[in-house]
Amino acid sequence: MATSHGDGEAERRVERAPGETPPGPDGVPLAGNTFQFVRDPFAFYERCREEFDSDVVHYRIAGTNGYMLTHPDDIQTVLVERDRDFVKGTVVEQSIGAIAPTGLISTSGAEWQRDRNLIQPAFYRERIETHAPMMGEYASGFADSLPSGEPVRIDDRLKGLTLDVLAKTLLDVDVRDKQTAIGHASETIAERFDTSGFSAYLPLWVPTPANLRCKRAVQDFFDAVDEIIAERQAEDEERDDLLSLLLEREYPDGTTMEPQRVREQLMTFLFAGHETTALTLTYAIFLLATNPEKQARVHEELDALGGGTPTAADLADLPYLEQVIQEALRLYPPAFVIFREPTNDVELGGYTIPAGSTLSLPQWNVHRDSRWYDDPEQFRPERWTESMEEELPEYAYYPFGGGPRHCIGMRFATMEARLILATLCQRFEFESVTEAPLDLSMQITLQPSDGIDVIPRAR
Ligand code: HEM
């Protein structure tokens, strides 16, 4: 068996002459703007991987320098060691930044730090664990709704479930089986930023039908939040959701968050937390359904719990299930690339990268690099042993990003994914109608192009 990693690192980390430019595709049809690059990133990433044996690949988009970084050390430099020298940049400004410019994903510097500090307590471990019974109850209700023996479009169904969980967590509202401004906002925004359509390439102020629908849906969401706030002020009941924290918690100077910023934070969390978690579950179920012996191992582990809907306390007894989720996030990272822009010239991989360039840090490539993973294309949850993780370079695996801007919802998402997957696998055996290999589409998140159909069979 090949060694996990190490040898390749020495091969590629070589001295560069000053002023040397990294290799990359010349004159590929990438003219246009950043979103055109995002439009067919698969072809682009695959080409960079196959043609250029380099940890830094250079390309140009609409007169801007683009660099793709695939060495874990460089990724660590950008995300952790020198994170202050980078901003999120154009890609973020044109997507969530256009809808929620004061939300946690979009802001930077002191403004971002102040809000991250204020919001962080909502994501402490103890706080997250209080959501577990609700997540279990919602997962159980969802399992009841699955028709045994009939095909279901599992990605769509799971998006509904994670949206319900998020609405309850953020706003303490039960939107199960209801048409709401919350569900509508998240659907319309997804449609607006679907890069397979034309609308994603135009700024939000251009009055296209999709832009107008998106702005309307965002406004409806903000209005719905305002209504909830008004109802609360009338009822005087203590709530324990993210909205209350945003409304009540004080900044160090004794002020509280202004109303528009509260709305935009909620929009940001809805945007960041719902599809990502649903996709994690979708891919995990697909991988289990297409690898029956791995699914059998999950069933064995669950059966040893001795019945009853799995709870947060049971998760410690489900190590294989945890490995399944880790491995699904390796193979199909829902946030498949992280973007940054350096504010000054920086040295990366021996090259000088000019200020204002767009850097892509693609999990998609790094997570499938044979320098770090044996048989990288294979679904092998059992690879995630303690010793493997000790040897793995830290940024050879970063489904939740890293450094100060790492995903604030990571614990929430992993607990939710483990509880839901445990509940569903306990109740069903999944058979896949959709065949491997999956046809994927890199939109804002990594989506199955034609959805994923599975047949759940009651056990
Ligand atoms: C499996 C599910 C999830 C994945 C794969 C994921 C992935 C990520 C990644 C890669 C980042 C870093 C982006 C960057 O550095 O540019 C991020 C940031 C973020 N995520 Fe998640 N996420 C998930 C679930 C969630 C959930 C459930 C929430 C909220 C409830 C959430 C809220 C956020 C927020 C607010 C940020 C911005 C944090 C900051 O800049 O301070 N995410 N996420």
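The values are calculated or read from the model by the stated rules, or taken from the named source; none is laboratory data. Keep in mind the model is a prediction, meaning the values are calculated, not measured. As a convention, Cβ positions derive from the backbone with ideal geometry for all residues, glycine included, and neighbour counts pool all protein chains shown. Surface accessibility is based on the protein's heavy atoms, side chains included, excluding ligands, DNA and RNA. Shrake-Rupley method; radii C 1.70, N 1.55, O 1.52, S 1.80 Å.
Things worth noting here:
- Odd one out for Thr434 among (1) more than 14 Å from the chain's Cα centre (by Cα); (2) under 24 Å from Arg49 (Cα atoms): (2)
- Of the set (1) in a helix (DSSP H, G or I); (2) modelled with pLDDT under 80; (3) buried (at least 18 other Cβ atoms within 10 Å of the Cβ), all apply to Leu204 but (1).
- Of the residues Ala436, Ala458, the single one that is open to solvent by 50 Å² or more (accessible area, probe 1.4 Å), closer than 17 Å to Ser148 by Cα and among the small types (Gly, Ala, Ser) is Ala458.
- Where strands (runs of 3 or more DSSP E) fall wholly inside the range 327-438, the ranges with 3 or more residues that are over 26 Å from Ala110 (Cα atoms), of a type outside the set (A, V, I, L, M) and in contact (Cβ under 8 Å) with a residue 24 or more places away in the chain are 428-432.
- Helices (runs of 4 or more DSSP H) fully within the range 51-159 counting 1 or more residues that are open to solvent by 70 Å² or more (accessible area, probe 1.4 Å): 90-94, 109-119, 125-129, 132-145
- Filter result (farther than 24 Å from Ala181 by Cα and either open to solvent by less than 40 Å² (accessible area, probe 1.4 Å) or within 14 Å of the ligand (Cβ to nearest atom) (or both)) within the range 255-292: Thr280, Leu281, Thr282, Tyr283, Ala284, Ile285, Phe286, Leu287, Leu288, Ala289, Asn291
- Any hit, the range 349-359, residues being open to solvent by less than 20 Å² (accessible area, probe 1.4 Å), within 15 Å of the ligand (Cβ to nearest atom) and touching a Leu at 6+ places or on another chain (Cβ under 9 Å): yes
- The range 245-254, subset in contact (Cβ under 8 Å) with a residue 24 or more places away in the chain and assigned to a helix (DSSP H, G or I), residue surrounded by the most Cβ atoms within 10 Å (Cβ to Cβ): Leu246
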